[in-house]
1. Take the Cα atoms of the range 53-138, find their three principal axes, and give me the spread along each one in whole Å, biggest first.
2. Kirkwood hydrodynamic radius (Cα pairs, Å) of the range 91-171?
3. Among 170-180, 213-223, what's the highest-first ranking by average C-beta atoms within 10 angstrom per residue?
Amino acid sequence: EEHRSPSRGTRTFRSRVVPELTALLLLIVWPFVYFWPYLISYGLTPGNDFHTLYYRYKLYLVDLLSCGWSPPVWSPTEAAGFPFRANPFTAAWYPLNSVLPYFYRANGGYSEWDHVVFTLVAFPIFALGITVWLRVLGEKRSGAILAGLVFATSVKMSELLRFPNAAHSAAWIPWLLVGTTLCFRRRQWALGAVVCFVASYCLLTAGYPYFAYYSQFLVGLWILLLLCPATRRTV
């Protein structure tokens, strides 16, 4: 028995950890596989405001951050100038921006293609959020993962490729649902509060105020359902 215990413990560890790591890897990689035409040379290019609005703001921001500056106060590119930090579409305080200056210096610049990749990062965050939320609600691993993969590459989410800020804003809405759900559990309310704070901050700073406004109705209704014991047990 002494010789069998370590082996049995190893098998138990693998049976629990390996499926979770596999699911995590699948949820991260799948959006990049699905949107592969945007990642190849001369592939698809997002249209609409992708270049004229979002990319130019990001390039200006990352260029100054790479020089060791804080987010710029002023933007000289609009009319006679405009307060850069006051414009919500600049996403000046979005936490994921902190990685881009290092990439900018190592890569020698920040191209439109680089911004496409940055936009696609939002989709694994969204997929993971959907999966975790459903797992918290008691859904089986396979069903939760399938839902995350499908929703992250749905028609509505695919449309957000031309609005990078919108994609990153939407990515944090499922995590806000995760946080509010955990807040109604006696032993997990502190974790839920932390998740709510992080998700709310990212949602508000991602640079798409429309989704920050719309999410109030979604999350507000969800909170109402959780407040009532009968509906809380149902969901």
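1. Ordered largest first, the range 53-138 gives principal extents of 54, 29, 21 Å.
2. Values: mean 1/r = 0.0723 Å⁻¹.
Across the range 91-171, the inverse of the average 1/r is 13.8 Å.
3. Details: 170-180: 23.9, 213-223: 13.0.
Top to bottom by mean Cβ count within 10 Å: 170-180, 213-223.
We did not get these values from a lab; they are worked out from the coordinates using the rules stated. All values reported here derive from a predicted model rather than from experimental measurement. With ideal geometry, Cβ positions are generated from the backbone for all residues, glycine too; neighbour counts draw on all protein chains shown.
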